[in-house]
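Encoded as structure tokens, the structure appears first; notes follow it.
The values are calculated or read from the model by the stated rules, or taken from the named source; none is laboratory data. Nothing here was measured: the structure is a model prediction, and the numbers come from that model. Here the Cβ positions follow ideal geometry from the backbone for every residue, glycine too, while neighbour counts run over all protein chains shown.
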Amino acid sequence: MSSGPDDEAARDTFWNRREMAVRMGDRPPDERLVALLGAHPEVRRILDLGCAGGRNTVFAAERGLDVHAFDAAEAMVALTRERLRPIVGPDEARRRVRLARLEDEEAWRPADDAPFDLVLALGVLQDLTGDAAVRTAIGRIAGALVPGGRVLVANFGPDSRPAGTPLVPVDGAPHVFLGFAHDDRRMTLPGATTLEAWFEAAGLRTDAPTEVRTRPTDEGVRTTINARFRKPLSSGRTPG
């Protein structure tokens, strides 16, 4: 399955607004990221997929970490670079934060081509166009990690009811639904067991218990699947 020009235009218009970038960037850093960095000081190099307004990118950079990021929306990239400049300087902000889509194979590694200790995939895989696209992205995450590297994942769940009614499944596209934000926004929303199976098929092992959290919306609820996976060492051992 692939999205058409109208689907991509709607997605781009929804995200590519300065006010949306500010709203996303003003949120506090992901609590799981904060906890992980506190517990694992060996994590030094991070890739933030779909960095939005830079809440996690900036948090990591403020702590002296080598963080890189990309986003498909120009407004998100512009604001992340703007907030990164006082920390790393304008040249580094431009180099580290790039305009790219998850589907772009060349986007996954920066110019130095070095792998990462941690990849953040928070609320981004869900906007890909179907099972095949998500599984391709998961494979690229696995390839971008050092042995022993981790990935933090957050993905909306298929039982979400943001408008108070069930999401609408797309015929012929397993795990793809309509019903978030605007009528034509397609989202790939596997359940927790399926999401875990896709990561495990890419060689990434569950590194912490997967949680499904439910939060209220203005008219209903949304569920979020929070998961963490780790790439094994070549020896098969994964140290604490």
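Within segment 159-193, the set of residues being at pLDDT 95 or above, of a type outside the set (A, V, I, L, M, F, W, C) and under 17 Å from the mean Cα position of the chain (by Cα) comprises T188, P190, G191.
So that you can scan it fast, the table gives a plain yes or no per residue for (1) under 30 Å from P169 (Cα atoms); (2) at pLDDT 95 or above; (3) crowded, with 18+ Cβ neighbours inside 10 Å; (4) of a type outside the set (S, T, Y):
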| position | (1), (2), (3), (4) |
| --- | --- |
| F59 | no, yes, yes, yes |
| A73 | yes, no, yes, yes |
| I87 | no, yes, no, yes |
| P90 | no, yes, no, yes |
| L102 | yes, no, yes, yes |
| E105 | yes, no, no, yes |
| R109 | no, no, no, yes |
| F116 | no, yes, yes, yes |
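Screening T217 with (1) of a type outside the set (A, V, I, L, M); (2) crowded, with 16+ Cβ neighbours inside 10 Å; (3) in contact (Cβ under 8 Å) with a residue 40 or more places away in the chain gives one miss only, at (2).
Within segment 139-162, the set of residues being crowded, with 22+ Cβ neighbours inside 10 Å and not in a strand (DSSP E or B) comprises I141, S160.
Can you pull out every residue in segment 194-223 that is polar (S, T, N, Q) and either more than 20 Å from V153 (Cα to Cα) or modelled with pLDDT under 95 (or both)? Even if it seems obvious, please write down each step before you answer.
So in segment 194-223, the residues polar (S, T, N, Q) come out as 194, 206, 210, 214, 217, 223.
Passing the criteria: only T217.
Would you check if V221 is farther than 21 Å from D30 by Cα and out of contact with any Cys (no Cβ under 6 Å at 6 or more places or on another chain)? Answer is no for this residue.
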